[in-house]
Structure formats: structure tokens, C-alpha cells
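In what follows, a single structure is set out as C-alpha cells and then discussed.
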Amino acid sequence: MFGIAFTLSALEDIGWFRKREQTIIFNQTEEQLTHQPHVETRNRKRLRPNQVAEWELRIDKYRVFYDVDAAANAVEVKMVGYKAGNKLFVQGKEYKL
């Protein structure tokens with residue numbers, strides 16, 4: 001079982017959403033990343049090298065970017081945003097990976 005930690009900036013990203021959306025993001029993140037967060041699935045994929053994170057979790061239109069430390073059984077959520085079309089938005093501003 002993996003422990004999930006949110007960076008301060010990820011918590012600020014989540015705080016930008018409405019309460020209902022925050023609940024969905026927290027619940028799905030816990031459900032999806034507690035067991036085998038380093039295994040690709042339909043909603044999880046390894047990203048090309050970038051400055052944010054190694055993995056992406058898709059929760060409907062929301063995107064959770066995270067790193068996995070398998071040795072420590074830990075997941076660190078680094079950034080949370082949402083997709084509109086082909087664009088990623090973080091705290092309402094377009095973000096390029």
C-alpha cells in the first residue's frame with residue numbers, strides 16, 4: 001500500500017476548484033494511487049520527461065501529476081489541473097508541459 005502526499009503547490013491547485021470537484025479529486029486520487037501507482041492503466045500513464053512529474057492520472061477532465069518512490073511506498077502529488085480540449089489549465093491559466 002502506498003502513502004499519498006500532496007505538495008503545497010498541489011494543494012493550492014486543488015483549492016482553486018469547487019468543493020465538489022475537490023472531493024472527487026481527493027477520493028479518486030486515493031482510490032487510484034494507493035495500490036500499484038507505477039502500473040500503467042487506462043487512466044494512468046507515464047509521461048515523457050518533463051519538469052513537473054513522471055506520471056499522470058486522468059480523472060474525467062482533471063489531471064493529477066505525480067511521482068512514485070517505490071522503495072519508500074510513497075506517491076507525491078505535484079500538480080493538479082484540468083483539460084479543456086487539448087489544453088491543460090492549472091489554477092485557471094494555460095500550462096504547457
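Answer with yes or no whether Glu21 is part of a helix (DSSP H, G or I) and over 27 Å from Lys93 (Cβ atoms). Here the answer is no, as Glu21 does not meet what is asked.
Within the stretch 77-97, which residues are without any contact (Cβ under 8 Å) to a residue 12 or more places away in the chain, exposed (fewer than 13 other Cβ atoms within 10 Å of the Cβ) and either of a type in the set (Phe, Trp, Tyr) or in a strand (DSSP E or B) (or both)? Break it down into steps so the answer makes sense when it comes.
So in the stretch 77-97, the residues without any contact (Cβ under 8 Å) to a residue 12 or more places away in the chain come out as 85-87, 89, 93-94, 96.
Then keep just the ones that are exposed (fewer than 13 other Cβ atoms within 10 Å of the Cβ); that gives 85-87, 93-94, 96.
If the condition is that a residue be without any contact (Cβ under 8 Å) to a residue 12 or more places away in the chain, exposed (fewer than 13 other Cβ atoms within 10 Å of the Cβ) and either of a type in the set (Phe, Trp, Tyr) or in a strand (DSSP E or B) (or both), then Lys87, Lys93, Glu94 are the ones that fit.
Could you list, in sequence order, all residues of the stretch 2-40 that are among the small types (Gly, Ala, Ser) and either in contact with a helix residue (DSSP H, G or I) (Cβ under 6 Å, 6 or more places away or on another chain) or surrounded by fewer than 17 Cβ atoms within 10 Å (Cβ to Cβ) (or both)? Result: Gly3, Ala5, Ser9, Gly15. Candidates are the residues of the stretch 41-76 that are small (Gly, Ala, Ser) and surrounded by 13 or more Cβ atoms within 10 Å (Cβ to Cβ); the one that is farthest from Phe6 (Cα to Cα) is Ala53. Across the stretch 41-59, what is the number of residues that are assigned to a loop (DSSP other than H, G, I, E, B), touching a helix residue (DSSP H, G or I) at 6+ places or on another chain (Cβ under 8 Å) and within 18 Å of Gln91 (Cβ to Cβ)? Result for the stretch 41-59: 0.
Bear in mind these aren't lab numbers, they're just calculated from the coordinates by the rules spelled out. Worth saying up front: this structure is predicted, and the values here are computed from it rather than measured. Quick reminder, even Gly has a Cβ in these numbers, built from the backbone with ideal geometry, and neighbours come from all protein chains shown.
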